[in-house]
Amino acid sequence: MTENDLASLLVEHRDVMESLVSREASGLLKFENPEDIVQGMILKALGSEATFKFQGIPAFRSWLTTIARRHIADRHGHWSALRRGSGRIIRYSASGTDGFPFDLTPVGTQTGPSTFASRREQCVLAIRALDVLTPRDRDLVRWICDGMPLSEQAERLELTGESTRKAGQRALERFRKAFRLVARTAQ
């Protein structure tokens, strides 16, 4: 089977993927557009063309469902990995950009349903903002928020302490900009 044949089958059976997204990917819809999830499924299916042998429509739909579920699980894993430790990023606000480590001060300690909802919303926005960053910037933001010593960060990045400090400042600034942009688009 050629890639064009597989692409035609995928277009023809797009409803399988769309219904799977509506049934099983509702948690992802906070972070991703349903169309993007379906496109990811199609890319994953096209990437698996070498292992695919057409054995009729029922077998194809079963194969496609397996690929689609695997993609949904991968995306859940991606967002869960970003969510881990993101509470520290939300609990602390980086104030000032001159010093290093940044002046980290705890944000309000109020409790209640509206506070929890607000924190959950901020966490989703922070995760989206982290996802926009490069892997290196994402690591730097996490390390800074986790309080990792500058020397350890420099060792991991194979940079000097001063270069690491500047890279951390730039990463936090890019995170702040990404957070503001994501927050604006979410409204």
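Take region 18-54 and flag every residue that is touching a residue at least 12 places away in the same chain (Cβ under 8 Å) and outside any helix (DSSP H, G or I).
Of everything in region 18-54, those that are touching a residue at least 12 places away in the same chain (Cβ under 8 Å) and outside any helix (DSSP H, G or I) turn out to be A25, F31, E32, S48, F52, K53, F54.
Could you pull out the residue among T97, T105 that is at pLDDT below 80, of a type in the set (S, T, Y) and either assigned to a strand (DSSP E or B) or surrounded by 14 or more Cβ atoms within 10 Å (Cβ to Cβ) (or both)?
Being at pLDDT below 80, of a type in the set (S, T, Y) and either assigned to a strand (DSSP E or B) or surrounded by 14 or more Cβ atoms within 10 Å (Cβ to Cβ) (or both) holds for just one of T97, T105, which is T105.
Would you say R165 is modelled with pLDDT of 90 or more, assigned to a helix (DSSP H, G or I) and over 19 Å from the mean Cα position of the chain (by Cα)? Step through it out loud before you land on a result.
Details: modelled with pLDDT of 90 or more: yes; assigned to a helix (DSSP H, G or I): yes; over 19 Å from the mean Cα position of the chain (by Cα): yes.
So R165 fits the description; yes.
On the basis of being over 14 Å from D5 (Cα atoms), of a type in the set (K, R) and out of contact with any helix residue (DSSP H, G or I) (no Cβ under 6 Å at 6 or more places or on another chain), does R61 make the cut?
In short, no.
The values are calculated or read from the model by the stated rules, or taken from the named source; none is laboratory data. These numbers come from a predicted model, not from an experiment. Cβ atoms come from the backbone with ideal geometry, glycine included; neighbour counts cover every protein chain shown.
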